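Worksheet for the structure shown next.
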Amino acid sequence: MTQETTNRLWTETLYSSYGQSFRVDEVLFEEKSEHQHLMIFRNEQFGRVLALDGIVQTTERDEFIYHEMLTHVPLVAHGNAQRVLIIGGGDGGILREVCRHNTVKHVTQVEIDASVIELAKTWFPAHSNGAYDDARATIVIGDGFDFVQTTQERFDVIISDSTDPLGPGEVLFSKDFYAGCQRSLNPGGVLVTQNGVPFMQPGELTNTAARLSKLFVDRRFYTAAVPSYIGGLMTFAWASNNPDLARIDLDTLKQRWLSQNITLRYYTPDMHQAAFALPRYLLDMLQTEYPAI
Ligand code: SAM
C-alpha cells in the first residue's frame, strides 16, 4: 500500500479524489506485519497517529470521542452488560472504556494482528491504560469473522471496532459476520459497529443497513464527529432484537450513568440520546421517512 511521506507530509489514501494530510513531525515506527502496513508518527495537532494500510486508525487527541461513543452508548443502554465481545480494537481504547463498567464480568477481544496490540501498548499507552492486564479480559489473536461463526460463548454487547472494509477488515462488514454476531448475542443483546463517514462512504451506510435489516428487529445508526475521520459525521451501526434498548428515557440513562461514576470527555446521557437523531441527508440515504415510525 502506498505511503506518501512527501516533504514531511503524509497523505491518507482512503479516498481517491480527496484526502487529509498530516505534517509528520517524527516517524516513530513503520513496518509491514503479516496482515497490514503499520505506521506511527507524531503530529503537532493530533499527537501520535496510528495508520494501517495508509488509513488513519486513531490519534492521541481525538480518540476519546470515538471510543466513548462506541462503548458507553450500548453499555449504558443495556444497563447490565456482563459479557462483552470486542472485535478488532487492537489499540486498546475500547477495552479501556469497557473495563470502566462495574457490571462487566468478562470481556473478550478478538484482534487479528498481535502487532497492533503490542505497538499500541508501547506508543499509545493511554489508549489501553492498563486494561490488557484487567483480570476480566481475554485476548484472542484471530479473525473476528471466524470467531463469531464458531464461538459457543454468548455476549450481552458486541462492539466491532474494525478497520475500514478493505483488507482484513472487509469481512467484518459482511452479512455473514453480522449473522455470526446475531447468533453470539444473548437475548436482548446489542451489536454496535464503526460504520464509516457516510458523506464520503455512502455505500457503507446503505449496505450495512440492508444487511442488518434482514437479521435484526431493530437496526439504526447513531453519529459523532471525529476530526481525524475526515468528512463530517461518522456513523455507528446499532442492531438488536430488543427495540426498547434504543429508546431508554433520559432519566434512566442518567441514573445508570451516575451509578457507574465514570468521568469522561465526550459521552453524556444527553449526547447518548441526541446521537440517534439523524440529519435529513442520512434519513434520505436510508430511505427513512421523517418522523420514523
Ligand atoms: N477506530 C479505528 C477506525 O475506525 O478506523 C479502528 C481502529 S482498530 C486499530 C482496528 C483493528 O481491527 C486493527 O487493529 C485491525 O488489525 C483489526 N482487524 C481488522 N480486520 C480484522 C478481523 N478480520 N478480525 C479481527 N480484527 C481485525
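Taking H as built 1.01 Å from N, whose amide H comes closer than 5 Å to the amide H of Phe29, not counting residues under 5 places away?
HN-HN under 5 Å from Phe29: Ile40.
Quick one: of the DSSP bridges fully inside the chain, what percent are antiparallel, nearest 5? Don't jump to the answer; show the numbers that get you there.
On the way: 35 of 55 bridges.
Restricted to the chain, the bridges split so that about 65 percent are antiparallel.
Cα centroid distance between the range 94-136 and the range 142-156, in Å?
So the two Cα centres are separated by 18 Å.
For the range 176-226 and the range 268-291, what is the separation of their Cα centres, given in Å?
14
Who wins for biggest fluctuation among His127, His106, His67 in a Gaussian network model of the chain, springs between alpha carbons below 10 Å?
Evaluated over the chain, the most mobile residue of the options is His106.
If R₀ is 51 angstrom, what is the calculated FRET efficiency for the pair Asn241 and Glu31, using the beta carbon separation as r and rounding to 0.05?
The computed FRET efficiency comes out at 0.75.
Measure nothing fancy, just the Cα-based angle from helix 175-184's long axis to the longest principal axis of the chain, in degrees from 0 to 90, nearest 10.
50
For the range 116-169, run through the chymotrypsin sites (Phe, Trp or Tyr not before Pro) and keep only the ones in DSSP coil with at most 10 other Cβ atoms within 10 Å of their Cβ. Don't jump to the answer; show the numbers that get you there.
On the way: sites: Trp123, Tyr132, Phe145, Phe147, Phe155; in loops: none.
Listed in order of number, the matching sites amount to none.
Can you give the calculated 222 nm mean residue ellipticity of the chain, where each DSSP H run of n ≥ 4 adds -39,500 (n - 2.57) and the sum is split over every residue, rounded to the nearest 500 deg cm²/dmol? Kindly include the intermediate steps, with their values, before the conclusion.
Values: 10 runs with 89 residues, N = 293.
Dividing the helical sum by the residues of the chain leaves -8500 deg cm²/dmol.
Taking the Cα atoms only, what angle lies between the long axis of helix 63-78 and the longest principal axis of the chain, rounded to 10 degrees?
That helix lies at roughly 20 degrees to the long axis.
With r as the distance between the Cβ atoms of Ala126 and Asp176 and R0 = 35 Å, compute the FRET efficiency 1/(1 + (r/R0)^6) and round to 0.05.
Numbers: r = 35 Å, r/R0 = 1.01.
According to the calculation, E is roughly 0.50.
Just flag the trypsin sites (Lys or Arg not before Pro) in the range 198-249 sitting in loop per DSSP whose Cβ has no more than 12 other Cβ atoms within 10 Å.
Values: sites: Arg211, Lys214, Arg219, Arg220, Arg247; in loops: Lys214.
Here the sparse-neighbourhood loop sites are Lys214.
Restricting attention to the range 1-101, which chymotrypsin sites (Phe, Trp or Tyr not before Pro) occupy a DSSP loop and are surrounded by at most 16 other Cβ atoms within 10 Å?
Numbers: sites: Trp10, Tyr15, Tyr18, Phe22, Phe29, Phe41, Phe46, Phe64, Tyr66; in loops: Tyr15, Tyr18, Phe46.
Taking the range 1-101 and a limit of 16 other Cβ atoms within 10 Å, the loop chymotrypsin sites (Phe, Trp or Tyr not before Pro) found are Tyr15, Tyr18.
Rounded to the nearest 10 degrees, what's the angle between the helix 114-123 long axis and the longest principal axis of the chain, both from Cα atoms, 0 to 90?
Long axis of 114-123 versus the principal axis of the chain: about 70 degrees.
Let me know the longest stretch in the chain that avoids all GluC sites (Glu not before Pro) found in a DSSP loop with at most 15 other C-beta atoms within 10 Å.
Details: sites that count: Glu34, Glu44, Glu153, Glu289.
Answer - 154-288.
Just so you know, all these numbers are worked out from the coordinates, no wet-lab data involved. Bear in mind that the values here come from a model prediction, so they are computed numbers and not experimental data. All Cβ positions, even for glycine, are placed from backbone atoms using ideal geometry, and neighbour counts span all protein chains on display.
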